[in-house]
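Taken together, the values in this text are just the output of simple stated rules run on the coordinates, not laboratory data. Quick caveat: nothing in here was measured; it's all calculated off a predicted structure. Cβ sites come from the backbone with ideal geometry, for glycine too, and all protein chains shown count toward neighbours.
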Amino acid sequence: MPVLTLALSDIPEGVPHQPGDAPVILIREGREVTALGHLCPHLNLPLKKGVVRDGTLICAFHHACFSARTGRQTQPPGHGDLSRYDATVDGETVTVTLPDDAASHAAPDHATEGVDPTRVVIAGAGAAAEACAHGLREDGFEGAIAMISPEARAPYDRTMLSKAVLTGAKNAADLTLTDAAALAARDIVLIPGRVVVIEPGRVTLEGGGIHAFDHLLVAPGGTPNVPDLPGIDLGGIHTLRDADHATAIAEAAGSARRAVLVGGGFIGMEGALSLAKRGLEVTVILREEVPLARVLGDRVGRAIWAEHEDAGVRFVTGASVEGFDGDGQVEGVRIEGGDAVPADLVILATGVRPATDGIDGLPTERDGGVAVAADLSVPGLDGVHVAGDCARVPTPFGPARIEHWRVAQQHGRAAARAIRGHAPEIDIPFFWTALARQYRYVGHATEWDEIRFDGDPSGPFLARYITDGRVMAALAAGRDADLAALHLEMVAAGGPLPA
Ligand SMILES: Cc1cc2nc3c(=O)[nH]c(=O)nc-3n(C[C@H](O)[C@H](O)[C@H](O)COP(=O)(O)OP(=O)(O)OC[C@H]3O[C@@H](n4cnc5c(N)ncnc54)[C@H](O)[C@@H]3O)c2cc1C
Ligand code: FES
């Protein structure tokens, strides 16, 4: 068994310490040292970049959290407790013993006994659904779990579609998160189908199948908006929400020369960069004057815009698309009052609507979302929870319907906790986007009085979005550890921070 010996004073507090390239991180609290696996179970990235505060280790990449004392995972994304190794402090010397086959994180325990007759049905097999199913098993739930999804695909990492699949670096099949064997091992049944009716104690699928439930989680995600414009049915015009969409775009990109992205939100901006990396001539057409300014502010939006232009992406801003030219196949995108932009590949990145339209029995709001309680339960519908992109949830930043991966996974876990009878936990919304740099955002601010910058957005920076003297959100690029620390401060404060 490999044994490491080092001085206690060589281990700093507040950050995980990896001695050389040993497969371990050491976390020090005074004279106590905990030795844990060094890779994050989400994407196997190094935890030594993370931050430790008040007994929590936060991964700097996508903010998965772990108990710094036990290695147990406490917040998504990803699934798996960190392995814990023997670390002994003797005077000023720390000795760590690693097993020969040290694996950084173990598959979580789960139950497959089937002795509990409770039936959980999950409409969806995406981020929230996956987290709920795992959360239930990790909490010892032994009843039946059925995931129903029209995609008929094991849960996969949707966030990589606009990144690795569009660049051609990965196929959709490479993105599987919980494969058929892992589902079977956890006794989770994946049923192809679309839930169309919810009634007390049962759901009906398109085509007529009925599934009874004691608890239902509705997590159908979003449906891409498709503008009703002349030429919209031409070949070569795509939406980007699921694995089939991304595969079709990646195939088309193999022979296309000129791509147009309609919309300058996160999907449009990520997709544009990925296609530019493949050598296509790429134009983004957007209504706004500055991409992403509404969400991140004008100054950050301009910095991102400049980074995209440096990568060869062209922009037509303040523009409205009025139709698509072509004969069977798209050849150009017409702009109101302007010339057509030539294109043989178009991606409609014009936002999504909660995929609740085709489901009867849900109390939806005007935007298609469903207002839920803090435990994700739907008032008035016994045993029904809604999670992910569709759920308008009370948060420490006010009620919010947030369309991001980690939030959906938190919802899934929260629904699992509620089903198991545990009280809701408070956590803080977080998302990342991979543009020319990795941008990470914590909190939630739809408007602000002021954005306070620490660093210029053209370089490493951290921006605080301030309303009524409170930091409602923060965004950073190149300042991962600082943002992770701020996240944990928000957790400790239970929400916004004093400015
Ligand atoms: C291309 C792309 C890139 C993204 N990148 C990022 C990123 O970098 N960072 C980030 O934070 N977020 C990102 N997101 C957003 C993130 O993926 C979503 O917020 C998250 O997947 C939402 O989770 P969900 O469980 O609500 O829905 P989804 O993950 O979309 O899952 C919905 C599931 O429900 C199924 N379904 C739909 N209708 C029904 C029905 N009637 N009955 C049963 N099942 C149904 C679907 O087939 C699917 O399995 C990205 C999204 C896309 C599309
Ligand atoms: S690699 Fe740790 S949260 Fe993604």
- prompt: Roughly how many Å is it from the Cα centre of the range 458-483 to that of the range 144-215, as a whole number?
  reply: 35
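Helix-only estimate, please: 222 nm mean residue ellipticity of the chain, summing -39500 (n - 2.57) across DSSP H runs of length 4 or more and dividing by its residues, to the nearest 500. Could the numbers behind the result be given before it?
On the way: 8 runs with 89 residues, N = 499.
Estimated from H runs of four or more residues: -5500 deg cm²/dmol.
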field: Protection proxy ranking of 95-102, 482-489 - average other beta-carbon atoms within 10 Å, highest first
entry: 482-489, 95-102
- prompt: In whole angstrom, how long is each semi-axis of the equivalent ellipsoid of the range 113-173, when you take the square root of 5 times every eigenvalue of its Cα gyration tensor and sort them from largest down?
  reply: 29, 11, 8
- line: Over the range 226-350, the quotient of the Cα radius of gyration and 2.2 N^0.38 Å is 0.98
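Just the projected area, averaged over all directions, of the convex hull on the alpha carbon atoms of the range 284-398: how many nm²? Don't skip to the answer; put the middle values down first.
On the way: hull surface 43.3 nm².
Mean projected area for the range 284-398: 10.8 nm², to one decimal.
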Listed peptides 349-356, 453-460 by packing density, highest first (mean Cβ within 10 Å): 349-356, 453-460
message: If you average the C-alpha positions of the range 410-428 and of the range 1-68 separately, how far apart do those two centres end up, in angstrom?
response: 27
- prompt: Using modelled backbone amide H atoms (1.01 Å from N, in-plane), which distant-in-sequence or interchain residues come within less than 5 Å of Val196's amide H?
  reply: Thr204, Leu205, Glu206
field: Bridge type composition, the range 226-350 - antiparallel percent by DSSP, nearest 5
entry: 35
- line: The residues Met472, Met160, Met269, sorted from fewest to most surrounding Cβ atoms within 10 Å, come out as Met160, Met472, Met269
task: Quick one: divide the alpha-carbon radius of gyration of the range 3-106 by 2.2 N^0.38 Å and tell me what you get.
output: 0.96
- request: Report the convex hull volume per residue for the chain, counting only C-alpha atoms, in Å³.
  value: 160
message: I'd like to know which of Thr204, Ala243, Ile232 lies farthest towards the positive end of the charge dipole of the range 200-254, counting +1 on Cβ of Lys and Arg and -1 on Cβ of Asp and Glu.
response: Thr204
- line: Whole-Hz Karplus couplings 3J(HN,Hα) for the range 17-27, θ = phi - 60° and coefficients 6.51, -1.76, 1.60, Gly and Pro as x, run 10, 9, x, x, 9, 4, x, 7, 10, 10, 10
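Once the Cβ-Cβ distance between Gln18 and Val196 is put in as r, and R0 is 51 Å, what FRET efficiency do you end up with, to the nearest 0.05?
0.50
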task: Could you work out the per residue convex hull volume over the alpha carbons of the range 437-498, in cubic angstrom?
output: 76
query: In debye to the nearest 20, how big a dipole does the chain give about its Cα centre with +1 on each Lys and Arg Cβ and -1 on each Asp and Glu Cβ?
result: 340
statement: Ordering 388-396, 319-327 by per-residue average of other C-beta atoms within 10 angstrom, highest first, gives 388-396, 319-327
task: Could you check what % of the DSSP bridge pairs in the chain are antiparallel, to the nearest 5?
output: 65
